[in-house]
Amino acid sequence: MHDADIHESLSDHPFEATLERLTAAIAQAGLILFNRIDHQSGAREAGLDMPPTTVLTYGHPKGGTPIMLAAPLAALDLPLRVLVRVRDDGQTTIAFHPVGATLRRAGVPDSLSGRLDPAQQILLKTVAS
C-alpha cells in the first residue's frame, strides 16, 4: 500500500526474522529501540485471537529533539514507529507513516522535515534483503 498517509511493504522474511532484522538494523544505525508493543500477546491476554502484530518505536534524541524544538506538536508523532504484521494471506509486511509528510503537517519547517527519512529507508532496505 502506498498513499500519502501510510507506506506498507512486503517483507522477504517471515515475521520473527523480520522483527529480528529490523531490531538489528535499528541498533546498527545507532538508533534506540524505545519500545516493542506485542499486540498479539495483548489480545491473547484479553482472550482474543490476533495474527502476529508488533509495533516498534525507535529513534534518537539527536534527530528528534531539534524537530520538536522547532515544532512542539511534532512530539505527538515521535519517536518513529513501524508496524510489523502478518496479513490474512500469510505475508509479513511493515508499515509506517512517511515521516516527512507527517512532520510537515505538524508545522515542522521543510529544512528539518526530511531529516528522519533515512531512518525509515533503513527499514525498507532491511526487509528487502
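The values are calculated or read from the model by the stated rules, or taken from the named source; none is laboratory data. The shown structure was predicted, so the numbers you read here are calculated from the model rather than taken from an experiment. FYI the Cβ positions are ideal-geometry reconstructions off the backbone, even for glycines, and counts take in every protein chain you see.
Tabulated data for the structure shown
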| quantity | calculated |
| --- | --- |
| Of all residues making up the stretch 1-59, the number that are modelled with pLDDT under 95 and in contact with a helix residue (DSSP H, G or I) (Cβ under 7 Å, 6 or more places away or on another chain) | 1 |
| Yes/no for G63 being surrounded by 13 or more Cβ atoms within 10 Å (Cβ to Cβ) and in contact with a Gly (Cβ under 6 Å, 6 or more places away or on another chain) | no |
| Residue within the stretch 42-53 that is within 15 Å of the chain's Cα centre (by Cα) and over 23 Å from P109 (Cα atoms) present | yes |
| Matching residues, the stretch 106-127, being more than 19 Å from A29 (Cα to Cα) and of a type in the set (A, V, I, L, M) | A106, V108, L112 |
| Of residues in the stretch 95-112 being in contact (Cβ under 8 Å) with a residue 24 or more places away in the chain and part of a helix (DSSP H, G or I), the one surrounded by the most Cβ atoms within 10 Å (Cβ to Cβ) | L103 |
| When residues of the stretch 70-94 are limited to those that are of a type outside the set (D, E, K, R), under 18 Å from the mean Cα position of the chain (by Cα) and surrounded by fewer than 16 Cβ atoms within 10 Å (Cβ to Cβ), the one nearest to S9 (Cα to Cα) | Q91 |
| Test: residue in the stretch 28-50 that is surrounded by 13 or more Cβ atoms within 10 Å (Cβ to Cβ), closer than 22 Å to D89 by Cβ and among the β-branched types (V, I, T) | no |
| Evaluation of G47 against (1) part of a helix (DSSP H, G or I); (2) out of contact with any strand residue (DSSP E or B) (no Cβ under 6 Å at 6 or more places or on another chain) (one fails), failing number | (1) |
| Test: residue in the stretch 97-113 that is closer than 23 Å to L10 by Cβ and of a type in the set (V, I, T) | yes |
| Criterion violated by R115 - all others in (1) of a type in the set (D, E, K, R); (2) under 23 Å from D5 (Cβ atoms); (3) free of Cβ contacts under 8 Å to residues at least 24 places away in the same chain satisfied | (3) |
| Given (1) basic (K, R); (2) over 19 Å from L124 (Cβ atoms); (3) surrounded by 14 or more Cβ atoms within 10 Å (Cβ to Cβ), number of the condition R21 does not satisfy | (2) |
| Selection from the stretch 74-94 of residues that are without any contact (Cβ under 8 Å) to a residue 12 or more places away in the chain and part of a helix (DSSP H, G or I) | A75 |
| Failed item, numbered, when T23 is tested on (1) within 11 Å of V84 (Cβ to Cβ); (2) outside any helix (DSSP H, G or I); (3) polar (S, T, N, Q) | (2) |
